[in-house]
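Contents: one structure, followed by commentary.
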Amino acid sequence: MLKKYFPTVAITTIVVTVLLIFIGVIVRASGAGLGCPDWPKCFDMWIPPTTAADLPAQFNAEEFNALHTWTEYINRLVGVLVGFLILLTTFFSVSYIKERKSVFISSFLSLVLVIFQGWLGGQVVQSGLQPGMISVHMVVAMLILMTLVYAAWQAVKDNYRFTLMQHHKKALFYFSIALIGFTLVQIVIGTQVREGIDAVDQTLERSQWIEQVGLIDDIHRTFSWSVLLTSIGLIYYVKKHNLVSNITKLSYTIFGLIILQVLIGVVLVYGGLPPVFQVLHLGVSSLLIISMQLLFLASRHRR
């Protein structure tokens, strides 16, 4: 019975985890990271206030922003939901221990990571959004996502068939490794760009912020070519060898998401960093990681 429902539970957990990543970026883009100045409570309350008049006496009413507080609080609530879903995923994965231990091990690893992520979130708040810790927080979020995807894939992979010659599998393996590696580096550099933006003079026009970041933004833009060119190489290889339709569709999905990322990046640079595009930029990165990981897993599939 547990085995029957595991894929549904695991995929639901993946979807909600991606949603949490989007919400996390909203918190970041809106400046709501310290909307709750303490942890795990918010203004020393389990349900935060909606007006400054309801604040406990030890907090400064002038620093209270209801929108920021509730944005951060919703982020925490969804984080708790993800934690419970991962716990449920791990519980259901127990049914695979005998025949496919990788499902249980990866599910349990995601549970360990989400517990660490919860602790790390508290450290981020207590540090006052210290540079570097936010980057680690995002990387751990991506690792949680990848372990969940791996667990779900291991459970359902026998339902899919990839008719590929061994040398095609090898080529797709190298393409996927390169794409995942380059994209993770871009995510890390991107969080550094975001931290650079946080450090600029906020009294300047928003359109001037990106100009103040300096070298790290130039590296971020230049390094994006590695992802784009690798994806073009993937498309060329897939079309040249007329690979099976599911691989072709997955490759075009990766390429399409990368093009979308490039366009979002252009809007961010030349459009004055509109917050909605900041959310899309990192949110789409999570979808890219999933697509690239599926390509990697397909290249290793032996059925």
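No lab work stands behind these numbers, since they all come straight from the coordinates. These figures come from a predicted structure and were not determined experimentally. Backbone-built Cβ (ideal geometry, glycine too); neighbour counts: all protein chains shown.
Ordering SER107, HIS137, ILE21 by Cα displacement along the dipole of the chain toward the positive end leaves SER107 in first place; charges were set at the Cβ atoms of Lys, Arg (+1) and Asp, Glu (-1). Check every DSSP H run in the chain and write down those whose alpha carbon atoms cover 27 angstrom or more along the long axis and whose mean Kyte-Doolittle hydropathy is 0.5 or greater. Membrane-span-like by this rule: 2-30, 66-93, 101-126, 133-156, 166-199, 215-240, 245-270, 275-299. Here the chain is assigned +1 on the Cβ of each Lys and Arg and -1 on the Cβ of each Asp and Glu. Its dipole about the Cα centre then comes out at about 2340 debye.
Note on the chain: GNM, Cα springs under 10 Å; of THR51, THR13, THR89, the largest mean-square fluctuation is that of THR51. Mind running the shape call on the chain? Use the C-alpha gyration tensor, a ≥ b ≥ c as the square roots of the eigenvalues: rounded below 1.5 for a/c, prolate if a/b tops b/c, oblate otherwise. Oblate is the answer for the chain, as a/c is 1.5 or above yet b/c matches or exceeds a/b. Here the contact order of the range 163-303, divided by its residue count and restricted to Cα pairs under 8 Å and six or more residues apart, works out to 35 percent. Summary value for the chain: 22 percent relative contact order, contacts being C-alpha pairs under 8 angstrom separated by 6+ residues.
Using DSSP to call loops (not H, G, I, E or B), can you name the GluC sites (Glu not before Pro) in the range 51-155 whose Cβ has at most 16 other Cβ atoms within 10 angstrom? For GluC sites (Glu not before Pro) across the range 51-155 that sit outside H, G, I, E and B with at most 16 neighbouring Cβ atoms in 10 Å, the list reads GLU99. Report the relative contact order of the range 1-159, percent, no decimals, based on alpha-carbon pairs under 8 angstrom and at least 6 residues apart. Averaging sequence separation for qualifying contacts and normalising by length gives 32 percent for the range 1-159.
Placing dummy labels 7 Å off each Cα toward the beta-carbon, the span from VAL269 to THR12 is 4.3 nm.
Each 5 Å bin from 0 upward holds the following percent of the Cα-Cα pairs of the range 1-159: 2, 9, 18, 19, 15, 12, 9, 7, 5, 2, 1, 0. Only helical runs count toward this figure. For the chain, summing -39,500 (n - 2.57) over DSSP H runs of n ≥ 4 and dividing by all residues gives -26500 deg cm²/dmol at 222 nm.
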